[in-house]
1. Can you sort 30, 10, 22 by how many other beta carbons sit within 10 Å, fewest first?
2. Stokes-Einstein at 25 °C, 0.890 mPa s, Kirkwood radius from Cα pairs: D for the range 44-91 in µm² s⁻¹?
3. May I ask you to give the average projected area over all directions of the convex hull of the Cα atoms of the range 1-61, in nm² rounded to one decimal?
4. Sorted from fewest to most neighbouring beta carbons within 10 Å, what does the list 68, 63 look like?
5. Select from 21, 13, 90 the residue whose mean-square fluctuation is largest in a Gaussian network model of the chain (Cα-Cα springs shorter than 10 Å).
6. Determine the calculated [θ] at 222 nm for the chain from helices alone, applying -39500 (n - 2.57) to every DSSP H run no shorter than 4 residues and normalising by the residue count; nearest 500 deg cm²/dmol.
7. When the Debye formula is applied to the Cα atoms of the chain, each taken as the same point scatterer, what base-10 log of I(q)/I(0) results at q = 0.15 Å⁻¹?
8. Return a whole-number percent for the relative contact order of the chain, with Cα pairs under 8 Å and 6 or more residues apart as the contact set.
């Protein structure tokens, strides 16, 4: 397993532990807890964990392009740092920080596809 994946595992474990602590602190008293309450609380926790996990894995596993060419004019594009971008997945929307490139000739800017 690579160093990045070890770091990802640590992040995901920490997020899971945080989600569990949050769930346990929001659980109502046993005498007031219904099956519907459990389902709603655990469903919310599961959705949040899924989003956090998707975002962490996508961010860690992205590969940066070595060379990006402008589709409009064919010129080699220049990297202009990283920018945040909302990405819609099958499971919802996540935010990724991705490299942003700009063409020095025509000014076109893109987030290259992964």
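1. Values: 30 6, 10 10, 22 13.
Least crowded to most crowded, the residues run 30, 10, 22.
2. Values: Rh = 13.6 Å.
So the translational diffusion coefficient is about 181 µm²/s.
3. 4.4 nm²
4. On the way: 68 18, 63 6.
Ordered from fewest to most neighbouring Cβ atoms within 10 Å, 68, 63 come out as 63, 68.
5. Looking only at 21, 13, 90, the largest GNM fluctuation is found for 90.
6. Numbers: 2 runs with 51 residues, N = 114.
Helix contribution divided over all residues of the chain: -16000 deg cm²/dmol.
7. For the chain at q = 0.15 Å⁻¹, log10 I(q)/I(0) is -0.80.
8. Details: 117 pairs, mean separation 22.8, N = 114.
That works out to 20 percent.
Any read-out appearing in this document is the output of simple, stated calculations on the displayed coordinates, not a laboratory observation. Everything numeric in this text was worked out from a predicted model, so none of it was measured. Glycine also receives a Cβ, built like all others from the backbone with ideal geometry; neighbour counts cover every protein chain displayed.
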